[in-house]
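S.K.: Attaching a single structure in structure tokens format; questions to follow.
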Amino acid sequence: HHHQEKENKKFKNPRWQNVLKYLESESMSDWKLAIIEADIYLDRILDQKGFYGDTLGDKFKQITPDKLPSIQIAWEAHKVRNRIAHDGADFVLTMPESRRVLSYYEIVFRDLEVID
């Protein structure tokens with residue numbers, strides 16, 4: 001059981017794990033969902049941290065790099081989310097692009113200390 005004890009020390013964020021599960025799919029709509037879900041989660045976390053605004057973009061505008069070093073990366077990820085939301089089926093998302101965007105959210109979540 002030694003292996004398991006070690007595993008438990010590393011904090012697993014179930015919400016983030018669920019987002020990543022979408023990438024195991026072969027379906028573009030699931031990859032899009034992963035990004036949408038990551039974005040919703042980021043919105044929630046910023047609320048909890050006390051950044052207020054109607055939209056995630058409004059919240060970002062109050063955040064300086066000293067508060068969140070990866071704020072620029074957060075914007076980049078969010079732009080892709082907006083294309084998914086606005087262009088719908090017209091927006092073609094590839095698997096590598098999905099991974100790239102989720103790696104951006106991952107950096108931001110690390111900065112915000114919700115995953116390690």
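The values are calculated or read from the model by the stated rules, or taken from the named source; none is laboratory data. Every value quoted in this text rests on a predicted model; they were computed, and no experiment measured them. Here Cβ is always computed from backbone atoms with ideal geometry, including for glycine, and neighbour counts include all displayed protein chains. What goes into the accessible areas is simple: the full protein's heavy atoms, side chains included, and nothing from ligands, DNA or RNA. Shrake-Rupley method; radii C 1.70, N 1.55, O 1.52, S 1.80 Å.
S.K.: Given a 1.4 angstrom probe, I'd like the percentage of the accessible area of the stretch 21-116 that is carbon and sulfur, rounded to a whole number.
M.R.: For the stretch 21-116, the apolar C and S fraction of the accessible surface comes to 50 percent.
S.K.: What does the C-alpha gyration tensor say about the overall shape of the stretch 35-87? Classify as rounded when a/c is under 1.5, otherwise prolate if a/b is larger than b/c, or oblate.
M.R.: Prolate, since a/c reaches 1.5 and a/b exceeds b/c.
S.K.: Moving on. Averaged per residue, what accessible surface does the stretch 1-115 expose to a 1.4 Å probe, in Å²?
M.R.: In whole numbers, the stretch 1-115 has 63 Å² accessible per residue.
S.K.: Can you give the helix-only mean residue ellipticity at 222 nm for the chain, where every DSSP H stretch with n ≥ 4 adds -39500 (n - 2.57) and the sum goes over all residues, rounded to the nearest 500 deg cm²/dmol?
M.R.: -21000 deg cm²/dmol
S.K.: Rg over Rh of the chain, using C-alpha atoms and the Kirkwood radius, what does it come to?
M.R.: Answer for the chain: 1.01.
S.K.: Nearest 20 debye, what's the magnitude of the dipole of the chain about its Cα centre given +1 on Lys and Arg Cβ and -1 on Asp and Glu Cβ?
M.R.: So the magnitude is around 260 debye.
S.K.: Please identify the DSSP H helices in the chain that span no less than 20 Å along the helix axis (Cα) and have a mean Kyte-Doolittle hydropathy of 0.0 or more.
M.R.: 28-48
S.K.: Also, quick follow-up: Number of Lys pairs in the chain with C-alpha atoms less than 16 angstrom apart, excluding same-chain neighbours closer than eight positions?
M.R.: 9
S.K.: Turning to a different aspect of this structure: Give the relative contact order (percent, whole number) for the stretch 1-112; include only Cα pairs under 8 Å separated by 6+ residues.
M.R.: Relative contact order of the stretch 1-112: 30 percent.
S.K.: Taking K and R as +1 and D and E as -1, what net charge do the other residues with C-beta under 14 Å from the C-beta of Leu23 add up to?
M.R.: Charge balance in the 14 Å sphere: -2.
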